[in-house]
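The values are calculated or read from the model by the stated rules, or taken from the named source; none is laboratory data. Predicted model, so just to flag it, every value in this text is computed and none were measured. FYI the Cβ positions are ideal-geometry reconstructions off the backbone, even for glycines, and counts take in every protein chain you see. All accessible areas refer to the heavy atoms of the entire protein, side chains included, with ligands and DNA or RNA removed. Shrake-Rupley method; radii C 1.70, N 1.55, O 1.52, S 1.80 Å.
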Amino acid sequence: MAEATSLVGKLEADVEIKASAGKFHDMFAGRQGEWLKATPGKIKSCELLEGDWGKLGSVVIWNYVHDGEAAMTKKRVEAVDPEKNLIKFRVIEGDMMKDFKSFVSTIQVIPKLGEPGSVVKWHMEYEKIIVDAGHPETILQLAVEISKDIDEYLLAEE
């Protein structure tokens, strides 16, 4: 049997974007329904089930493409801090739960100092069901790609 520590992990990525931290955070917190337009081919649908967009405790179902396959996940917002441009989601149902006991993503957008643009910081914490389950690195890569798509979408709005 594997040691418990080999089942638990963390992943992080920084994505440089041209959009402001506030605009990018607003897209994650309050405009999730627009992701379909912003991320063609990646996000197929997004439905608010409980609460208000980007508010603490709200629940959203996402249908998306991961590793070339259709996937679904239901996420709950666990933390929102507009002052820090931070939002935290916990996966509570869906395809990811086949491989993971828990999966939490934190997204914080930090303005660059002395120059335009921002840095999107992705932090993912997970616990696998078994050692060989899933590849969270591909989920992080999808998050990086979505960040770049959203940045382009926001810049086209200006």
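Brief remarks follow.
- Any chance Gly22 is in a loop (DSSP other than H, G, I, E, B), out of contact with any helix residue (DSSP H, G or I) (no Cβ under 7 Å at 6 or more places or on another chain) and within 30 Å of Pro116 (Cβ to Cβ): no
- One residue from Val65, Val15 being surrounded by 14 or more Cβ atoms within 10 Å (Cβ to Cβ), at pLDDT 95 or above and not in a helix (DSSP H, G or I): Val15
- Flag if Ile43 is among the β-branched types (Val, Ile, Thr), at pLDDT below 95, under 16 Å from the mean Cα position of the chain (by Cα) and crowded, with 17+ Cβ neighbours inside 10 Å: yes
- Only residues that are open to solvent by less than 30 Å² (accessible area, probe 1.4 Å) and touching a Lys or Arg at 6+ places or on another chain (Cβ under 9 Å) were counted in the range 133-148, giving 5.
- Residue among Val104, Val60, Val91 that alone is open to solvent by less than 70 Å² (accessible area, probe 1.4 Å), modelled with pLDDT under 95 and not polar (S, T, N, Q): Val60
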